[in-house]
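The values are calculated or read from the model by the stated rules, or taken from the named source; none is laboratory data. Being a predicted model, the structure only gives us computed values, none of them experimental. Here the Cβ is made from the backbone with ideal geometry for all residues, glycine too, and neighbour counts use every protein chain on show. Protein only, heavy atoms only, side chains kept; ligands, DNA and RNA dropped before computing areas. Shrake-Rupley method; radii C 1.70, N 1.55, O 1.52, S 1.80 Å.
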Amino acid sequence: METNPLKILVLVCVLFLIVSKSSAQVSFGNPQNINENWLFVLEDQANAQNADLDDSKWRKLDLPHDWSIEGQLSPTLASCTGYLPGGVGWYRKHLAIPEDQKGKKQYIYFEGVYNRSDVYVNGNLVGKRPNGYISFMYDLTPFLNYGTDNVIAVRVDHSRAADSRWYTGSGIYRNVFLITADPVHIHQWGVFYQTKSVVKNQALLNVKVEMDNTSGSDAALSVNLLLLSANDEIVAKGSQKLQAKPSGTSSLNLDLKLKNPVLWKLENPYLYRLKTEILQNGKVIDQAETQVGIRTLTFDANKGFALNGECTKLKGVCIHHDGGCLGSAVPPQVWERRLQNLKAMGCNAIRLSHNPQAPELYDLCDKMGFLVMDEAFDEWKYAKRKWLTGWNKGTPGFEGSFDFFDEWSDRDVTDMVLRDRNHPSVIMWSIGNEIDYPNDPYSHPVLDKGTINQPVYGGYQPKNPPATELGDIAKRLAADVRKADLSRPVTAALAGVIMSNETGYPGALDVVGYNYTEDRYEMDHKKYPERVIYGSENGMGMASWKSVRDSENIFAQFLWAGIDYLGESNAWPSRGFHSGLLDFAGNLKPRGHFRRALWETKPVTHLGTYPAPEQRRNYLSIDAWPNWNYETGENIRVVCYTNCQKSKLLLNGKQIGEEKAYDNNTGIISWDIPFEAGKLEVVGYNNNQEACRYAIQTSARPFALTAKVDKMKLSKDKDLAQIEIQVTDENGVPVMLSDDEVTCQTDGPAKLLGLEAGNNSDMSNYRDNVQRVYQGRILAYVQTTGTSGQIKVNFTAPWLKPVEVSLESK
């Protein structure tokens with residue numbers, strides 16, 4: 001049932017990213033990163049919270065840390081989380097707070113702990129947070145000893161290891177900060193910005209600042225705002241008085257007028273900086289620096305989505321939070337490389353599936369120009385199936401986060417919005433993914449009404465939770481979101497649209513996401529003309545893209561998936577779900593090149609090959625690797641992923657087969673030709689002029705390793721070099737069929753974090769220094785360790801010429 005009268009949702013807003021000196025996602029005090037020198041034990045040790053516990057034999061490590069990825073892959077473990085273990089672990093950190101800090105407030109801020117964490121200070125429990133994806137903060141001040149040792153202890157309970165449909169990781173897998181602040185300070189996530197209007201020559205910005213006063217008496221404050229351009233020119237400023245009441249939160253709203261604003265756009269994600277100062281008796285007692293992106297959003301049931309008034313199709317992908325062999329503790333440099341590869345493919349939107357992710361990822365989306373769908377939950381108050389022996393195979397388990405949903409969901413979804421609402425990249429708040437999947441767990445009598453073209457697991461199940469509950473929960477969560485932010489729409493990704501249409505669920509949303517049900521777009525647009533509809537999760541086929549490309553009102557698709565991810569695995573051996581456009585190492589796969597031809601505006605072309613099928617003769621694969629090594633005379637299908645009007649195929653410089661026009665039905669053109677060794681090349685033409693070309697070459701036997709590194713000079717402070725190793729023949733031609741075993745050795749102030757080849761069925765140890773290449777290549781992650789100096793990274797393989805990479809840490 002459709003109750004939302006909103007036909008056109010126009011959101012004109014300026015959004016700001018809180019970036020403090022230490023990159024903590026907080027807007028007050030002096031955050032200090034305290035990732036280094038923690039102690040860890042992977043057992044539920046008695047009295048581990050006590051300050052006087054002897055922890056001298058505990059393992060020493062730095063955060064972020066994911067203990068699951070360090071575990072042994074085993075077919076006896078659950079496939080849903082990638083055959084890796086969970087468990088219970090304890091972390092401890094010894095921390096000295098100087099005497100001169102008395103009178104200050106001390107807080108500890110965790111960006112994410114998976115999961116069910118308890119935090120203690122000197123043996124005192126200061127807080128619990130069961131959700132493993134939410135950032136949270138505790139006040140340490142009442143429990144601290146000044147001028148001597150303090151012990152922070154964190155118990156992490158991931159004993160219910162199969163509690164997710166995908167890999168989660170375990171432990172303190174994001175950053176931790178100690179925040180020192182004046183007793184009167186800006187509230188956590190207490191700076192928020194949006195616009196009242198944007199016209200051609202002026203933007204009117206509203207700034208909301210919330211203050212905490214823990215001093216016990218009134219505080220007369222001055223709030224000063226200074227908006228700077230990217231060139232550090234002052235473009236707007238304002239000041240206002242605030243009387244902060246004791247033992248509570250006080251707030252003010254201040255308008256700023258900005259002339260000739262530069263809007264945040266996909267092709268030019270322009271960011272201003274806002275300085276916020278809090279003064280008491282003429283002295284600065286708190287401050288924050290904020291990056292600012294100004295843009296307008298419009299969601300229209302008939303016209304789709306517009307960014308800054310320009311109709312925009314979201315060419316989106318869904319991503320999970322792991323980094324392959326790195327697990328859930330992913331350095332930001334890894335995300336930057338992955339996003340660069342997605343951007344080069346034509347992608348402009350990211351769905352964060354299905355939980356809030358690391359703050360650095362939002363920072364990168366702001367700076368690189370991506371639109372983000374931020375998502376809170378994959379299940380609500382009842383458990384979903386968690387497959388234990390292979391995806392959709394065998395008997396499922398039912399562990400999960402449902403048991404704390406009723407108690408924590410309001411706070412969790414609110415905290416997601418409060419933390420992330422200042423990112424210009426974020427354009428939608430999702431309160432759930434596939435909560436309405438028919439009979440997993442909700443059911444409704446409509447499931448008995450004939451063929452409905454959706455998976456239902458046996459029709460209506462009256463013993464299952466009634467789907468009518470969906471509307472009530474959705475209204476509650478949507479109200480939480482709107483209380484924290486009215487500048488973006490509330491959405492959700494619906495899997496059982498036919499069932500949900502019988503409930504109040506869609507009507508509780510501002511825009512409604514459809515998972516895989518493209519055939520419902522037109523009929524539901526006619527049936528619910530006020531509903532704004534888009535594809536929140538979609539397959540890779542050409543038809544799915546055409547339903548967006550050729551429809552005025554459908555504004556987005558989000559492909560499953562953007563990047564291969566751990567968990568949701570098939571039967572052993574299988575590390576994860578490998579439908580991604582990028583592999584575990586962040587490299588573009590053939591289907592990524594196919595998607596690039598659909599999404600990219602500049603001319604592109606690419607070749608892939610496979611033996612011509614005798615069955616399914618019309619089969620055109622989007623997963624054809626660029627290999628040109630077969631038996632002489634073997635009949636080979638050559639597929640071309642291109643957006644050019646016409647294409648010509650050359651073999652050793654001579655045209656082979658006929659020139660072919662672009663196929664709008666499949667997006668693929670092909671030739672079946674007998675194999676002949678040499679150079680196979682495709683040339684793309686637009687308006688009878690050559691636009692682009694691409695070639696592959698027959699390779700000889702593996703001869704050498706070659707290396708390509710993203711940067712040679714690194715910061716000494718845990719910077720990351722990503723080194724691509726390729727097996728080539730004696731002439732430098734990549735050997736796609738190679739599976740040689742590579743060994744990596746580092747010398748100098750750096751360490752190897754892992755070797756990632758992207759092979760889903762290789763269940764060996766990715767954390768040691770030995771790994772087989774896949775499709776002839778492998779990626780090494782080398783991280784600096786805190787000191788300056790020269791770094792040598794050597795790669796060797798039996799019978800192959802080795803390669804050495806020289807790096808500098810400074």
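Kindly list the number of the only condition in (1) under 16 Å from Val334 (Cα atoms); (2) surrounded by fewer than 17 Cβ atoms within 10 Å (Cβ to Cβ) that fails for Glu730.
Against the list (1) under 16 Å from Val334 (Cα atoms); (2) surrounded by fewer than 17 Cβ atoms within 10 Å (Cβ to Cβ), Glu730 comes up short only on (1).
Does Tyr766 satisfy the criteria of being within 24 Å of Pro332 (Cα to Cα), at pLDDT below 95 and surrounded by 18 or more Cβ atoms within 10 Å (Cβ to Cβ)? Steps first, answer last, please.
Numbers: within 24 Å of Pro332 (Cα to Cα): yes; at pLDDT below 95: yes; surrounded by 18 or more Cβ atoms within 10 Å (Cβ to Cβ): yes.
For Tyr766, the condition - within 24 Å of Pro332 (Cα to Cα), at pLDDT below 95 and surrounded by 18 or more Cβ atoms within 10 Å (Cβ to Cβ) - is met.
With the checklist (1) open to solvent by less than 10 Å² (accessible area, probe 1.4 Å); (2) not in a helix (DSSP H, G or I) in hand, flag the one item Thr389 doesn't pass.
(1)
In the stretch 71-91, which residues are in contact with an Asp or Glu (Cβ under 7 Å, 6 or more places away or on another chain) and surrounded by 21 or more Cβ atoms within 10 Å (Cβ to Cβ)?
Cys80
From the set of residues in the stretch 246-268 that are open to solvent by less than 30 Å² (accessible area, probe 1.4 Å) and touching a residue at least 60 places away in the same chain (Cβ under 8 Å), which is farthest from the chain's Cα centre (by Cα)?
Only one residue fits best here, namely Pro261.
With the checklist (1) open to solvent by 80 Å² or more (accessible area, probe 1.4 Å); (2) within 34 Å of the chain's Cα centre (by Cα) in hand, flag the one item Cys692 doesn't pass.
Cys692 satisfies every listed condition except (1).
Give the stretch 233-256 a look and list any residue that's acidic (Asp, Glu) and not in a loop (DSSP other than H, G, I, E, B), or say none.
The answer is Asp255, and nothing else.
Quick check on my filter: what residues within the stretch 341-363 are open to solvent by less than 10 Å² (accessible area, probe 1.4 Å) and part of a helix (DSSP H, G or I)?
Correct list: Leu342, Pro359, Leu361, Tyr362.
Inside the stretch 479-552, counting only helices (runs of 4 or more DSSP H) that do not spill past its ends, which hold 1 or more residues that are under 30 Å from Tyr641 (Cα atoms)? It would help to see each step written out before you state the result.
On the way: elements: 497-500, 521-527, 542-549.
Correct list: 521-527, 542-549.
Can Ser409 be described as touching a residue at least 12 places away in the same chain (Cβ under 8 Å), surrounded by 24 or more Cβ atoms within 10 Å (Cβ to Cβ) and among the hydroxyl-bearing types (Ser, Thr, Tyr)?
No: the conditions fail for Ser409.
Test Asn131 against the stated conditions and say whether it is within 25 Å of the chain's Cα centre (by Cα) and surrounded by 17 or more Cβ atoms within 10 Å (Cβ to Cβ).
Spelling it out, Asn131 is indeed within 25 Å of the chain's Cα centre (by Cα) and surrounded by 17 or more Cβ atoms within 10 Å (Cβ to Cβ).
Just for strands (runs of 3 or more DSSP E) wholly inside the stretch 277-340: which have at least 3 residues that are surrounded by 22 or more Cβ atoms within 10 Å (Cβ to Cβ) and of a type in the set (Phe, Trp, Tyr)?
It comes to none.
Among the numbered criteria (1) in contact with a strand residue (DSSP E or B) (Cβ under 6 Å, 6 or more places away or on another chain); (2) over 20 Å from Lys104 (Cα atoms); (3) open to solvent by 60 Å² or more (accessible area, probe 1.4 Å), which one does Asp232 miss?
Condition (1) is where Asp232 drops out.
Counting only residues that are open to solvent by 10 Å² or more (accessible area, probe 1.4 Å) and either in contact with a helix residue (DSSP H, G or I) (Cβ under 7 Å, 6 or more places away or on another chain) or among the small types (Gly, Ala, Ser) (or both), give me the strands (runs of 3 or more DSSP E) lying completely in the stretch 162-213 with at least 2 of them.
184-199
Where residues in the stretch 472-496 are without any contact (Cβ under 8 Å) to a residue 60 or more places away in the chain and farther than 14 Å from Met428 by Cα, which of them is surrounded by the most Cβ atoms within 10 Å (Cβ to Cβ)?
Restricting to residues being without any contact (Cβ under 8 Å) to a residue 60 or more places away in the chain and farther than 14 Å from Met428 by Cα, the top hit is Ala474.
Which of the residues that make up the stretch 542-565 are open to solvent by 10 Å² or more (accessible area, probe 1.4 Å) and either over 18 Å from Glu600 (Cβ atoms) or charged (D, E, K, R) (or both)?
Ala543, Lys546, Ser547, Arg549, Asp550, Ser551, Glu552, Asn553, Trp560
Give the number of residues within the stretch 475-524 that are among the polar types (S, T, N, Q), more than 22 Å from Trp545 (Cβ to Cβ) and touching a Gly at 6+ places or on another chain (Cβ under 9 Å).
Residues flagged as among the polar types (S, T, N, Q), more than 22 Å from Trp545 (Cβ to Cβ) and touching a Gly at 6+ places or on another chain (Cβ under 9 Å) within the stretch 475-524 amount to 2.
What single numbered condition from (1) over 30 Å from Thr76 (Cβ atoms); (2) outside any strand (DSSP E or B); (3) open to solvent by 20 Å² or more (accessible area, probe 1.4 Å) fails to hold for Thr746?
(2)
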